[in-house]
Amino acid sequence: MTEALAEISLAGIAAAPLAEKRAVAARIDAELRRLGFFVVSDHSVPSALIDETIAVATAFFDLPLAEKMRIRSAAQGSPRGYLDYGLETLAHTTGRASPPDLKEGFGMGPLEVNTERAVIEGLAATYTPNVWPERPPRFRGTVTRYYRAMEGLTQRLMELFAIGMDLPPDYFVERFADHNSTLRLIHYPPPDRPPEPGQLRAGAHTDYGALTILLGQDRPGGLQVRTPSGEWIEARTRPHAFVINIGDLMMTWSNDRWLSNMHRVANPPPEAGEASRRLSLAYFCNPNDALRIECLPTCHGPGNPPRHAPIRAGEHRFRKIEMSKAALRAADA
C-alpha cells in the first residue's frame with residue numbers, strides 16, 4: 001500500500017497570520033480533492049480529555065445489556081441514547097445489501113434543544129433531547145466536555161476550509177453557529193463468531209453531512225479508506241490524532257471539488273482476540289437543518305456550472321437515512 005492519509009499540524013493556527021493559514025488551507029484543499037480524508041495533530045483538544053472520554057465510554061459499554069437498553073434510542077434520523085447491535089447497516093446507504101454492522105454505540109446531539117425553534121416540516125425528530133445513562137457517574141460531564149471541544153475544533157477547521165475555498169474566513173463558521181451535530185461513541189467488540197458473508201464492523205459508505213472528526217484506536221480491524229484506484233488503505237494514526245473527512249453535503253456544497261469518499265471498518269483477523277476490541281469517537285458536523293445548501297460562489301463559473309440543485313441541509317441528510325431504512329424494509333420483506 002503506497003498511499004496514506006496526510007497528517008497536517010494545526011499548531012498555533014488560531015493566532016497564525018493569514019499567510020500561514022493559507023498555506024495550511026492549501027494542504028487541506030489538496031487532500032480533500034485527492035482522498036477526502038486527512039489527519040490533524042496539534043489540534044488543541046486536551047489529550048487528558050480524549051483519554052477520559054475513552055475511559056467512560058469503555059465503562060458504559062461494559063455495562064450489562066439490560067442496563068444499556070434502558071436508554072435505547074427511539075429517535076429517527078439523529079438517534080439519542082444507546083444504539084444496540086444490528087441497528088445500523090451502513091452499506092445500505094449506498095444501495096448494497098449487507099448483514100448488520102458489528103458494533104454498538106451511544107449517540108447524542110446539541111446540548112441545548114429549544115422547543116420553540118423553527119424546525120422545518122418533517123425534521124422535528126432531529127431535535128430530540130439527549131438521554132444519559134446513570135452509570136458511569138462521570139459519563140455525562142465528560143462526554144459533554146468532549147462535545148464542546150469538538151465544536152471548537154470544528155470552528156478552527158471551518159475557517160481553514162473557507163480560506164481554502166477563497167471565501168471569507170468566517171463563511172462556514174457563521175453557517176454552523178446553530179448546528180445540528182451528532183457525537184457517536186462506537187464500540188467494536190472482539191468477534192465471538194465468524195462474520196456472515198459480506199458482514200463488516202461497518203460496511204462501506206460515505207458520510208452524510210459536512211464534516212466528520214474521528215478519534216479511532218489503532219487496533220486490528222480499523223478504518224479503511226478507498227483510493228482512486230479502488231485500493232483500500234488503512235487509516236492509521238498516532239494516539240490523540242484525529243481523522244478528518246468530508247461528507248456528501250460538503251461535496252455537494254463544493255460542486256464536487258472535494259471528495260466524499262468511501263470508507264469502512266474492517267473485520268479483525270480471528271487470532272487478534274481481545275486485542276481487536278476497538279472504540280471510536282465520531283463527531284458528525286452538520287449545519288442547521290434549515291440552511292439552504294447551494295453551490296459555493298467560488299466553486300462554479302464558465303465551463304463549470306452548478307451540478308446539484310439547492311436543498312436544505314436536513315433534507316439532504318434525511319434522503320440518505322431514508323435510503324438506509326428503505327433497504328432494511330426491502331431486506332425484511
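Remarks
- Summing charges over neighbours of Arg307, with a neighbour being any other residue whose Cβ is under 15 Å away from its Cβ, gives -2 when K and R count +1 and D and E count -1.
- When the GluC sites (Glu not before Pro) in region 201-290 are filtered for DSSP coil states and for at most 15 other beta-carbon atoms within 10 Å of their beta-carbon, the remaining sites are Glu231.
- Estimated at 0.36 nm per residue, the fully extended path between Asp192 and Ala59 surpasses their Cα-Cα distance by 45.9 nm.
- Residue-averaged [θ]222 nm for the chain, counting only DSSP H segments that reach four residues, each worth -39500 (n - 2.57): -9000 deg cm²/dmol
- In the chain, the sites counted are trypsin sites (Lys or Arg not before Pro) in DSSP loop states with at most 15 other Cβ atoms within 10 Å, and the longest stretch holding none of them, exclusive of the sites, is 139-235.
- Beta-bridge orientation, the chain: approximately 90 percent antiparallel, per DSSP, counting only bridges with both partners inside.
- Seen from Ala66, the other residues with C-beta closer than 12 Å to its C-beta sum to a net charge of +1, counting Lys and Arg as +1 and Asp and Glu as -1.
- Each eigenvalue of the Cα gyration tensor of the chain, multiplied by 5 and square-rooted, gives one semi-axis; in descending order these are 29, 23, 22 Å.
- Kyte-Doolittle mean at least 0.5 and Cα axial length at least 20 Å: DSSP H helices in the chain: 47-61
- Net charge contributed by nearby residues that have their C-beta within less than 12 Å of Glu274 (K/R +1, D/E -1): +1
- In region 7-332, Cα pairs under 8 Å separated by at least six residues give a relative contact order of 23 percent.
- Rg and Dmax of region 251-294, Cα atoms only, in Å: 17.3, 49
- Fully extended contour minus Cα-Cα distance, from Asp166 to Thr144, at 0.36 nm per residue: 4.6 nm
- FRET efficiency for the pair Met262 and Glu322, taken as 1/(1 + (r/R0)^6) with r the Cβ-Cβ distance and R0 = 22 Å, rounds to 0.65.
- Added length on full extension, which subtracts the Cα-Cα distance from 0.36 nm per residue, Arg219 to Arg22: 67.5 nm
- Here the label points at Ala309 and Glu3, each 7 Å from Cα along the C-beta direction, are separated by 3.2 nm in the simple model.
- Square roots of 5 times each gyration tensor eigenvalue, C-alpha, region 138-242, largest first, Å: 30, 20, 13
Where a number appears in this text, it was derived from the coordinates with a stated rule and is not lab data. Note that this is a predicted model, so its numbers are computed, not measured. FYI the Cβ positions are ideal-geometry reconstructions off the backbone, even for glycines, and counts take in every protein chain you see.
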